[in-house]
Amino acid sequence: MENYLDTRNSYQESKLEEIAMILKKGGIVLFPTETVYGIGTNGLDEKAVEKIYDIKKRNRKNPTNLLVSNMAMVEAITQDISPIEYKLMEAFFPGPFTIILKRKKIVPNIVTANSDLVGVRMPDSSIAKTLVELAGVPLAAPSANISGKLSGTDLTNIIDEFDNHLDFAINGGESKIGMESTVVRVIDNVPHILRPGFITPEQIKKIAGNVVLEEDKTPILPSSCMKHYQLDIASTLVYSENNQKMVDTIIDLSKNYANSVVLCCTENADFYCAEKSIKNVISIASKTNLEEYTKKLFSCLQRVSSLSPDMLFMEGVKKEGLGIAIMNRLLQVCNDNYIEFPNAKKY
């Protein structure tokens, strides 16, 4: 496309000023953050935010977060911030951390799905943070994907979906983290994790002294009942703490399909490659390196889509630390078609 900036090598900083003005005026820009790519606009411009919803085919009941560049901007759009909320922002801003705060009236209803709460994040990505600073307004920048599909971690995988709707696109290469932010709301001075992400429950507990994971409780986010990470491919998630049991089960199940794909850790790839019933094997990363696993997960799932299998088998990971966020995404991909063995830890 004509209005395109590649920041993977050298580029003129003045170009970001031009793009920031496009955002401020309500234009639509696709840009990288450290988590995933965002499709953004002026978060205080109701009509501009409506365009984002239309482009993404996003349900109006699904609120969007606002990106900020400093605490002054946080305080300009929110109110009644508690000491524990300040403490969490001090610890995890800038970074892959979104906190739900009470909004001021300056924030349009469409951003919050008519709630009196708004999600706020200060990105650690230099490009994203600079765009917010130069625009001088918070940016509504949900993940760059058609709603319900995989979030974009590489511009080349998503540009075609949005090309005709963009005023500008920035290529920052592969996302550093590759997964959306952790979302937290403080209730009665206790942080509740509404969406697990790269910031783990253990990290939050160290700061706040306590933490609650809301995955298995009544959902607080309006979007919690909506489907995410849909591949339109039949899939099964298998996990056991007994690695051989997990591998053997996937191999046995694969014999019922003509064109199955296995998504696995690198340690187990050879087992599946030796099995004739499995047509394609995609190894993500070592099960001992969940940071790399997180970074590669969405891009590997994009590869699965291009293979059009009749069944996707996915290995699970232990649900602790980053494994909580990984399993959260995998369970949504497979629509809870999940096989877990008695010797595995109960979640």
Fewest-first ordering of R121, R185 by Cβ atoms within 10 Å yields R185, R121
Taking a crude spin-label model, label points 7 Å out from Cα along the C-beta direction, the E320 to E174 distance in nm is 2.8
To the nearest 20 debye, the stretch 49-170 has a Cα-centred charge dipole, built from +1 on Lys and Arg Cβ and -1 on Asp and Glu Cβ, of 460
Rounded to the nearest 10 degrees, the helix 290-307 long axis (Cα) sits at an angle to the longest Cα principal axis of the chain of 70
Computed over the chain: longest principal axis from alpha-carbon atoms vs helix 13-24 long axis, angle to nearest 10 degrees, is 80
Here the FRET efficiency for N109 versus N3, based on Cβ atoms and R0 = 35 Å and rounded to 0.05, is 0.70
Helix 46-56 sits off the longest principal axis of the Cα atoms of the chain, rounded to the nearest 10 on a 0 to 90 degree scale, by 20
Going from the fewest other Cβ atoms within 10 Å to the most, one would list E275, E202 as E202, E275
A chain fully extended from K25 to E292 at 0.36 nm per residue, minus the present Cα-Cα distance, gains in nm 92.4 nm
Protection proxy (average C-beta count within 10 Å per residue), highest first, orders 177-184, 5-12 as 177-184, 5-12
Expected sort for 262-271, 31-40 on mean C-beta neighbours within 10 Å, highest first, is 31-40, 262-271
Residue-normalised 222 nm signal for the chain, counting each DSSP H run of n ≥ 4 as -39,500 (n - 2.57), nearest 500 deg cm²/dmol, is -10000 deg cm²/dmol
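In nm, what is the difference between 0.36 nm times the number of residues separating S82 and N259 and their Cα-Cα distance?
Result: 58.3 nm gained on full extension.
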The chain, Gaussian network, Cα under 10 Å: of I99, I284, I233, the residue fluctuating most is I233
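Assuming R0 = 30 Å, what is the FRET efficiency of E241 and S126, from their Cβ-Cβ distance, to the nearest 0.05?
Values: r = 40 Å, r/R0 = 1.34.
With a Förster radius of 30 Å, E is 0.15.
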Reduced to Cα centres, the span from the stretch 162-184 to the stretch 59-86 in Å works out to 20
For the chain, the percent of all C-alpha pairs falling in each 10 Å bin, from 0 up to the bin holding the max distance, is 5, 25, 32, 23, 11, 2, 0
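Just so you know, all these numbers are worked out from the coordinates, no wet-lab data involved. As the structure is a prediction and not an experimental result, all values here were calculated from the model. Note: ideal-geometry Cβ built from the backbone for every residue, glycine included; neighbour counts use all protein chains shown.
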